[in-house]
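Peer 1: Sharing a structure here in structure tokens format.
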Amino acid sequence: MLSQHLLILPVLLPALLAALSLLLGQRLALKRGLALLGGGAMLLLSLTLLTWADQGAIQVYRLGGWQPPFGILLQLDRLSAWMLVLTALLALEVQAYAAVSDWDKRGAFFHELFWLQWMGLNGAFLTGDLFNLFVFFELLLIASYGLLVHGDGRARIDAGLRYVTLNLAGSALFLIAVSLLYGLTGTLNMADMARRVAQAAPGQWPWLRSAALLLFIVFALKAALWPLNAWVRGTYAAAPGPVAALFAIMTKVGVYAIIRVYTLVFGSASDAGSGLLTPWLPWLALGTLLLGSLLALAARSVRGLAGGLVVGSVGMLLFGFAVATPAALAATLYYLPHSTLAVAVLYLLADQLQLRRDAGDVLHAGGVADKHLALLFLLAAVLLAGLPPSAGFLAKLWLLQGLPLQAPGLWLALVLLAALLSMIALARAGSALFWQEPSGNWHAARPGTLLPASALVLMALALSVFAEPISSYCQRMAEQLLLTDAYVEVLR
Amino acid sequence: MSALLFSLIVGLLAACGLYLVLRRHSFDLVLGMTLLSYAVNLFIFAMGGLKIGATPIIHAAGSDYADPLPPALVLTAIVIGLAMTALLLALAIRQRQQQGDDRIDRDEDASC
């Protein structure tokens, strides 16, 4: 009886905790305790759902008991559960960091907004309804607007205004695309839409394709695919440290939406949707990957470096998706948590530099004499550059092995070039920061501020230590995603 | 005929909205976003089919009914749009306080 309602808890629990947190008012210690307890509960819940999803069947929660395709459907498959667990791991550490670094003191309602953002993220990963996806996108965005300008300051308000405007324009396009699809198919449920798109008459194809591409523009904007990624670096650099670390998952929401919609609704089963992205998306993604590496190389601060790597990781993920072989998709899904966690570590380290060094996180401004920070940076750099034994290395190897035989050799060359460039960028940043004569004032760390970043590093390392069970899960996940019939079956 | 008129209005609203969004003052930006969201809401409404005098339920008498779902979607979009406009205004006001004017085309170097 209870387990039947387990599926809606990832959405309900954060909403409840946000309300509870609000009731606690000014009692910050209690709020932090609640954050820790609630975060732990969320992690346990996500892990439970992961084991549940791994039994293979797609679990469905019918809100209000409506018979699908009517009403809104929450659905749990391996991909949803995977994203829930990743969100929980990241958010728990970020919340802990916000508490130990006192970031949550610098403005009102940090924890409340954080819970609401978590709710939006979980909802977006669970929903099986395209319009509901829009609603959860808006929820997580509204919370992110508040978090972005947390602590005030001119740079943050400027960045906030741009970020909000951009996303509002994106939302307008999202609504146009979704309503166009509704007008064409008469449904909003993704699985039902998949069925109707597959049955669509050829006369409808141009319309369906325009709607699909409009929707792609929206998701590409959220995912920061070139040429829609000029906003990423500035926004993330202006955000408070822990918020920037949490935002590491925001671009992945866009990637998730692309994977979800273009495997299910416009998947291989539909003539209208097939071949829509494959001719050009690999090139665009590779361009994004290369651009990200170049941005990292040109960075003047650690935040800038992280921003470049965020862009690069999106390029890598979408390349793996666009290649469209099961092995490449599995490798992509294996790479996704790795890149998210590693970039988050870099943002947390950048924040430490900003809080404790007079020159902030600027790269060429004298050395930093802190062994722990240097070690963490080294580990994060190994992870981000994709050196063995990190999961980044395994994922890239797996992905390149999964390329189809007729793939252009240039693809391989570009992936390797981008990896080399980001390795140079990271090595250069590391030596500029830690292999210089220490200069300027250096404030002692507050106790425990490096623990969350260390935990994130350990999690990213665990991805390669437990590579066998995790990669076989990723393989099952990719297989499930490509068998769209199972999703349609659930409707009956 | 009514469909043509309707689509012209949606197009006009969207064009005006887009023009205002691309201007360099945050006041114009807010107005533009509002017009754009009106255009989008009308577009959603039209996607259920434009019917005059039809009831929004399926009845035994015939198949001439108006689709009740798009108005529900529009309602959701209106509520979200209202909150977003309020937030955008709050940010614009805060920026005007800090900056002294409402220009949004200054390229501040964020030192990335």
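The values are calculated or read from the model by the stated rules, or taken from the named source; none is laboratory data. Computed from a predicted model, the values in this text were never measured in an experiment. A quick note on method: Cβ atoms are made from the backbone with ideal geometry, for glycine too, and the neighbour counts reach across all protein chains shown.
Peer 1: Restricting attention to the range A:466-489, report how many residues are within 17 Å of A:ALA391 (Cα to Cα) and in contact (Cβ under 8 Å) with a residue 60 or more places away in the chain. Let's see the steps before the verdict.
Peer 2: Applying the first criterion (within 17 Å of A:ALA391 (Cα to Cα)) to the range A:466-489 yields A:466-475.
Now narrow it down to the ones that are in contact (Cβ under 8 Å) with a residue 60 or more places away in the chain: A:467, A:470-471, A:473-475.
Selection size over the range A:466-489: 6.
Peer 1: With the requirement that a residue be under 30 Å from A:VAL232 (Cα atoms), small (Gly, Ala, Ser) and facing chain B (nearest Cβ under 9 Å), what does the range A:172-222 give you?
Peer 2: A:ALA172, A:SER179
Peer 1: Taking the conditions exactly as written (modelled with pLDDT of 90 or more, more than 11 Å from chain A (Cβ to nearest Cβ), part of a helix (DSSP H, G or I) and more than 22 Å from B:LEU5 (Cβ to Cβ)), does B:LEU88 satisfy them or not?
Peer 2: no
Peer 1: Something else about it: Go over the candidates A:ARG233, A:ARG260 one by one and state the one that is touching a residue at least 40 places away in the same chain (Cβ under 8 Å) and within 14 Å of chain B (Cβ to nearest Cβ).
Peer 2: After ruling out the rest, the residue left standing is A:ARG233.
Peer 1: Here is a list: A:TRP103, A:TRP115. Which entry is farther than 17 Å from B:THR76 by Cα and surrounded by 24 or more Cβ atoms within 10 Å (Cβ to Cβ)? Outline the logic, then answer.
Peer 2: On the way: A:TRP103 fails: surrounded by 24 or more Cβ atoms within 10 Å (Cβ to Cβ).
On inspection, the qualifying residue turns out to be A:TRP115.
Peer 1: Turning to a different aspect of this structure: Report the residue count in the range A:364-387 for those that are modelled with pLDDT under 85 and in a loop (DSSP other than H, G, I, E, B).
Peer 2: Residues flagged as modelled with pLDDT under 85 and in a loop (DSSP other than H, G, I, E, B) within the range A:364-387 amount to 6.
To keep it simple, each residue is scored yes or no on (1) more than 22 Å from A:THR263 (Cα to Cα); (2) at pLDDT below 90; (3) in contact with a Phe, Trp or Tyr (Cβ under 7 Å, 6 or more places away or on another chain).
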position	(1), (2), (3)
A:GLY25	yes, yes, no
A:TYR61	no, yes, no
A:GLY64	yes, yes, no
A:LEU74	no, no, yes
A:LEU92	yes, no, no
A:ALA96	yes, no, no
A:GLY107	yes, yes, no
A:HIS111	yes, no, no
A:TRP118	yes, no, no
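Peer 1: Moving on to the next point. For B:GLN98, all conditions in the list (1) surrounded by 15 or more Cβ atoms within 10 Å (Cβ to Cβ); (2) modelled with pLDDT of 80 or more hold save one; what is the number of the exception?
Peer 2: (1)
Peer 1: Sort out which residues of the range A:263-302 are of a type outside the set (S, T, N, Q), part of a loop (DSSP other than H, G, I, E, B) and away from every other protein chain (no Cβ under 14 Å), and write them in order of number. Explain how you work it out, then say what you get.
Peer 2: Of all residues in the range A:263-302, those of a type outside the set (S, T, N, Q) come to A:264-267, A:269, A:271-273, A:275-277, A:279-287, A:289-292, A:294-300, A:302.
Narrowing further to those that are part of a loop (DSSP other than H, G, I, E, B): A:265-267, A:269, A:271-273, A:275-277, A:279-280, A:298-300.
Residues satisfying the conditions are A:VAL265, A:PHE266, A:GLY267, A:ALA269, A:ASP271, A:ALA272, A:GLY273, A:GLY275, A:LEU276, A:LEU277, A:PRO279, A:TRP280.
Peer 1: Limited to the range A:119-135, what total is found for residues that are in a helix (DSSP H, G or I) and away from every other protein chain (no Cβ under 11 Å)?
Peer 2: Counting residues in the range A:119-135 that are in a helix (DSSP H, G or I) and away from every other protein chain (no Cβ under 11 Å) gives 9.
Peer 1: Another question, then. Test of understanding: among A:LEU341, A:LEU383, A:LEU355, which residue is touching a His at 6+ places or on another chain (Cβ under 8 Å), away from chain B (no Cβ under 14 Å) and within 13 Å of A:SER313 (Cα to Cα)?
Peer 2: When all the criteria are applied, what remains is A:LEU383.
Peer 1: Working only within the range B:52-77, note down all residues that are in contact (Cβ under 8 Å) with a residue 40 or more places away in the chain and assigned to a helix (DSSP H, G or I).
Peer 2: The answer is B:ALA77, and nothing else.
Peer 1: Let me ask something else about it. Could you figure out which of (1) of a type in the set (D, E, K, R); (2) under 29 Å from A:LEU295 (Cβ atoms); (3) touching a Leu at 6+ places or on another chain (Cβ under 9 Å) isn't true of A:GLU437?
Peer 2: The one condition A:GLU437 does not meet is (3).
Peer 1: For residues in the range B:35-51 being more than 10 Å from every other protein chain (Cβ to nearest Cβ) and not in a helix (DSSP H, G or I), which is nearest to the chain's Cα centre (by Cα)?
Peer 2: If we take residues in the range B:35-51 being more than 10 Å from every other protein chain (Cβ to nearest Cβ) and not in a helix (DSSP H, G or I), then B:LEU50 is nearest to the chain's Cα centre (by Cα).
Peer 1: Sticking with this structure for a sec: Quick one: how many residues across the range A:138-147 are within 16 Å of the chain's Cα centre (by Cα) and at the interface with another protein chain (Cβ under 10 Å from one of its Cβ atoms)? Give the steps one after another, and end with the answer.
Peer 2: Going residue by residue through the range A:138-147, those that are within 16 Å of the chain's Cα centre (by Cα) are A:138-141, A:143-144.
From what is left, the residues that are at the interface with another protein chain (Cβ under 10 Å from one of its Cβ atoms) are A:138-139, A:141.
Counting residues in the range A:138-147 that are within 16 Å of the chain's Cα centre (by Cα) and at the interface with another protein chain (Cβ under 10 Å from one of its Cβ atoms) gives 3.
Peer 1: Check A:ALA99, A:ALA91, A:ALA155, A:ALA169 and return the single one that is of a type in the set (A, V, I, L, M), at the interface with chain B (Cβ under 9 Å from one of its Cβ atoms) and in contact (Cβ under 8 Å) with a residue 60 or more places away in the chain. It would help to see each step written out before you state the result.
Peer 2: On the way: A:ALA99 fails: at the interface with chain B (Cβ under 9 Å from one of its Cβ atoms); A:ALA91 fails: at the interface with chain B (Cβ under 9 Å from one of its Cβ atoms); A:ALA169 fails: in contact (Cβ under 8 Å) with a residue 60 or more places away in the chain.
Only one candidate qualifies: A:ALA155.
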